[in-house]
Amino acid sequence: MTAPSTVETAAAADVPTELTDGYHLVVDALKLNDIDTVYGVVGIPITDLARLAQAQGIRYIGFRHESNAGHAAAIAGYLNKKPGVALTVSAPGFLNGLVALANATTNCFPMVQISGSSERHLVDLKQGDYEEMDQLAAAQPFVKAAYRVSRVEDIGRGIARALRTAISGRPGGVYLDIPAAVLGAIMPKAEGDRTLSRLVDPAPRQLPAPEAVDRAIELLASAERPLVVLGKGAAYAQADAKVRQFIESTGIPYVPMSMAKGLLPDDHPQSAATARSLALKKADVVMLIGARLNWLLGHGRTGWNPDAKFVQIDIDPKEMDSNQPISAPLVGDIESVLDALAERTKPGQIQAPSAWREELGARSAQNVAKMAERLAADPHPMQFMGALKAVRDVVRRHPETYIVNEGANALDIARNVIDMHVPRHRLDSGTWGVMGIGMGYAIAAAVESGAPVVAVEGDSAFGFSGIEIETICRYKLPVVTVIMNNGGVYRGDDTNPYDDEPSPTTLMSAARHDLLIESFGGKGYRATTPAEVTAALTEALALGGPALIDCVIDPSAGTESGHISHLNPKGITVGNITPATK
């Protein structure tokens, strides 16, 4: 073999080495793992990262506040069953996003927050760098995991680790810290490419033990009053057909948690949602599918049959016995557990007694009749019921519509009035019951699905993220925001007996939210009757663009804290408080 000549060697040395940097490696790693949309707020040091992502084919949705961008990423993870990604700046921006990341962890949504950060040598010596903060330490208590990338050659590994952690096992929020110096670091492209990897089976199936399945079957088969509770984990699993097959083949009545509504249609004959209190009070064996015995279910104590035995399907064994003893724990992913139950159950072995189904059916019929009477009323000024019935009737004609819902009374009443027939189309405040998810969830639902979205908001809840209607208008998204405007937090008729300033729960009664969206180019409506709500929502959905309906509700409508007023601690009554002397 002939050795290369001196001329050839010199020519090869003159060829420049192709380079890459941290920005490109982050984008390349995300693309390699099928991340096609990123939500965020730009600033130092991640503005060019967003620009590059956009240039390389990743859709970037820019928000006005990091919490809202984070909520969008979180619900995108829930809807797609893969990690949603939020991009934030350092320190204050990171902290704003951390609210959503913590909420994602609590709700078991797969999400990754990537934040730029200050230089480590300055942060660690507390030398007062721009937006100095030890973000990794701040994130640790609130997330499933937190990682920091300290070298440019570790970016690919960091992205892969964050994505896998977010989606594997029980999903949750993961924080990934990338200092500015790492983003700007340069290395040969060929070497950088070798550091990237595509995840293989990031959320593997987890099969239950056969003896655990048999134990659950025996307990369910012995039940006289069995009940299934469907949680949002069941909706996230996207095992819709198998959930339905189990329920229908056994005849067991079921109660859906709010974000599980639509897994089976709300008017399904086995639904005990309208007889929930009776079902919980009398059920002797309860099967939890993707639901947890937390405060939303009275910790399995308040309102329950004290002798009830529980079967629980959960991917995390630590969830078992968290509030009540679990007689038949089924540890595994929901689809695998349901497959195992189907395989090991003998035909007819599990059957709900007809007397139990008839008892719940009779109570449901009574409660549905009472609700129908309330919905038929048309008082003036308009009440929550009338406005929400109008929303329900319009949305029924558009079953592809996503419903986003938050507030106190706006949430509680809408959950009972607006029925769902499609899975994962109701998105609400979830496990923490937080306010401020509305616009972020609505934007992500529209971006990820392309379908229309109706966000039903209390006027107080809307205030947490309302500026994002500019984002909705900027991206021309098919989002209709419907505000239940009663002029207050909970209700608008509270007064301050001590001076002329508004009471703690008083908002501006004359607020014109419809004019707010018009300032950004959207379509605004003001509705004072259910008929006007119907007309406005019908037109807005037909237009298919950004719109807002300001529903003027009776200021006296609503109750303090909605359906959870019992959680308010009781101390000295307000009437006994002596005002301070000015």
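Suppose all protein chains stay in the model; what accessible area per residue would a 1.4 Å probe give for the chain, in Å²? Provide the component values of the computation, followed by the final result.
On the way: 25230 Å² over 582 residues.
Value for the chain: 43 Å² per residue.
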Simple spin-label estimate for residue 284 and residue 17 in nanometres, 7 Å along Cα-Cβ: 7.5
Residue (of 247, 273, 235) at the positive-pole extreme of region 230-277, dipole from beta-carbon charges: 235
Unit charges on C-beta of K, R, D, E only; dipole of the chain, Debye: 1180
The chain - mean residue ellipticity at 222 nm from DSSP helices (-39,500 (n - 2.57) per run, n ≥ 4, rounded to 500): -11500 deg cm²/dmol
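Using mean Cβ contacts within 10 Å as the protection proxy, how do 459-468, 217-226, 546-555 order, highest first? Display every interim value, and only then the final one.
Working: 459-468: 23.6, 217-226: 18.6, 546-555: 25.5.
Packing proxy ranking, top to bottom: 546-555, 459-468, 217-226.
Determine, from the Cβ-Cβ distance of residue 378 and residue 467 and an R0 of 41 Å, the FRET efficiency 1/(1 + (r/R0)^6), rounded to the nearest 0.05.
Numbers: r = 34 Å, r/R0 = 0.83.
So, using R0 = 41 Å, E works out to roughly 0.75.
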Region 431-582, accessible surface, carbon-and-sulfur percent (1.4 angstrom probe): 58
3J(HN,Hα) from dihedral phi, region 194-209, Karplus parametrisation 6.51/-1.76/1.60, rounded to Hz, x for glycine, proline: 6, 8, 8, 8, 9, 5, 10, 6, x, 10, x, 4, 10, 8, x, 5
Residue 523 long-range amide H proximity, modeled H, under 5 Å: 547, 548
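Quick check: at a probe of 1.4 Å, how many percent of the accessible area of region 100-152 sits on carbon and sulfur atoms?
Details: 1240 of 2240 Å².
Answer for region 100-152: carbon and sulfur cover 56 percent of the accessible area.
Which value, in debye to the nearest 20, describes the size of the charge dipole of region 235-350 about its Cα centre when Lys and Arg Cβ atoms bear +1, Asp and Glu Cβ atoms bear -1, and nothing else is charged? Before the final figure, lay out each step's value.
Working: 12 positive and 14 negative charges, 78 e Å.
Using Cβ point charges on Lys, Arg, Asp and Glu, region 235-350 gives about 380 debye.
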Listed pairs 282/346; 144/232; 144/261 exceeding 20 Å between Cα atoms: 282/346; 144/261
Among 162, 220, 195 the positive-end extreme of the charge dipole of region 156-232 (Cβ point charges): 195
Packing rank of 278-290, 51-63, where each peptide gets the mean count of other beta carbons within 10 Å, highest leading: 278-290, 51-63
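Return a whole-number percent for the relative contact order of the chain, with Cα pairs under 8 Å and 6 or more residues apart as the contact set. Don't skip to the answer; put the middle values down first.
Values: 1229 pairs, mean separation 66.1, N = 582.
For the chain, the relative contact order is 11 percent.
For a test of the definition: using alpha carbon positions, the gyration tensor, and the 1.5 limit on a/c, classify region 159-263 as rounded, prolate or oblate.
Details: a/c = 3.86, a/b = 2.76, b/c = 1.40.
Cα axes put region 159-263 in the prolate bin.
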Options 60, 464, 445, ranked by Cα towards positive dipole end of the chain, top entry (Cβ charges): 445
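Taking 0.36 nm per intervening residue step and subtracting the Cα-Cα distance, what contour gain separates residue 209 from residue 321 on full extension? Each step should come with its number before you reach the end.
Working: separation 112, 0.36 × 112 = 40.32 nm, distance 1.79 nm.
That works out to 38.5 nm of additional length.
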Ordering of 173-186, 342-355 by packing [mean C-beta count within 10 Å, highest first]: 173-186, 342-355
R0 of 41 Å, Cβ-Cβ distance residue 400-residue 56: FRET efficiency to nearest 0.05: 0.85
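The values are calculated or read from the model by the stated rules, or taken from the named source; none is laboratory data. Everything numeric in this text was worked out from a predicted model, so none of it was measured. With ideal geometry, Cβ positions are generated from the backbone for all residues, glycine too; neighbour counts draw on all protein chains shown. Just the protein is used for accessible areas: all its heavy atoms, side chains included, with ligands, DNA and RNA removed. Shrake-Rupley method; radii C 1.70, N 1.55, O 1.52, S 1.80 Å.
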